[in-house]
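Worksheet for the structure shown next.
The values are calculated or read from the model by the stated rules, or taken from the named source; none is laboratory data. This is a predicted model, so every value here is computed, not measured. Note that we place each Cβ from the backbone using ideal geometry, even for glycine, and neighbour counts take in every protein chain shown. Note: accessible area is taken over every heavy atom of the protein model, side chains too, but ligands, DNA and RNA are not part of it. Shrake-Rupley method; radii C 1.70, N 1.55, O 1.52, S 1.80 Å.
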Amino acid sequence: MASPNGTRILPSPSPKPHQRQLEDMASSLHFLILLTLISHTCLISHFSYAQQCSPNGQLPDVSSNCNTDNNAECCVNGKMYDTYSCSPPVTGATPAHMTLNSFEEGGDGGGLSKCDERYHSNDEMVVALSTGWIKGGTRRCLKNIRINGNGQSVVAKVVDECDSEHGCDSEHGYQPPCHNNIVDASRAVWEALGIPESQIGDYDVTWSDARLMYS
């Protein structure tokens with residue numbers, strides 16, 4: 001091929017095979033370095049959070065009269081119970097363990113609900129949340145959360161704390177501290193989710209903050 005002035009233009013030389021290999025190796029190395037950095041960052045974040053949300057103490061049992069309604073766990077003589085001041089981060093689908101609670105007077109929930117100093121009927125769509133999810137000025141008190149389970153989704157009001165820092169005393173019905181990932185729900189919530197009777201009391205769900213008004 002010639003230019004307008006008659007000078008022959010030679011085509012650009014193609015990269016040599018070994019040059020291509022070096023370029024490919026460099027690209028692969030950059031990718032591996034980036035992947036390692038991302039993995040390292042995630043691992044540090046994971047361990048950092050795990051350290052923050054590890055048990056921060058233990059309670060000895062103080063066994064006494066314990067209401068075993070709804071198959072509630074009672075403190076056992078000679079056993080130590082972990083306590084938590086934190087809970088896993090809240091997302092659009094926060095994994096949680098749902099338990100059954102009676103918010104009525106004389107029920108296994110103990111005393112009055114923390115958020116409104118009232119008892120609540122088991123027919124109300126109400127829940128208690130682990131300490132880490134409700135504390136911080138009780139920011140979720142009387143707010144709604146959306147619970148997903150068994151292929152269903154319902155909205156319930158947060159009225160109480162499932163105490164992860166204290167337990168095994170009269171105020172807590174001589175029950176152990178809650179774990180840090182508990183949604184303690186009224187029977188109405190369980191029934192609204194359509195969970196079979198044989199599984200009521202112990203079920204894995206996800207939840208998130210809801211923007212719907214509670215009625």
- Note on the structure: Simple SL model, points at 7 angstrom along Cα→Cβ for Gln199 and His166; separation in nm is 3.5 nm
- Message: Could you tell me the calculated FRET efficiency between Arg211 and Glu191, based on Cβ-Cβ distance and R0 = 25 angstrom, to the nearest 0.05?
- Response: 0.55
- Query: With every protein chain present, what accessible area does Met80 have (1.4 Å probe, heavy atoms only), rounded to the nearest 10 Å²?
  - Reply: 90 Å²
- Taking H placed 1.01 Å from N in the peptide plane, check which residues at least 5 places from Val126 or on another chain put their amide H under 5 Å from its amide H. Lys157, Ser186, Val189
- Query: With θ set to phi - 60° and the Karplus curve 6.51 cos²θ - 1.76 cosθ + 1.60, what are the ³J(HN,Hα) couplings of the stretch 88-104 in order, to the nearest whole Hz, using x for Gly and Pro?
  - Reply: x, x, 8, 10, x, 8, 7, x, 8, 10, 9, 10, 9, 9, 9, 9, 7
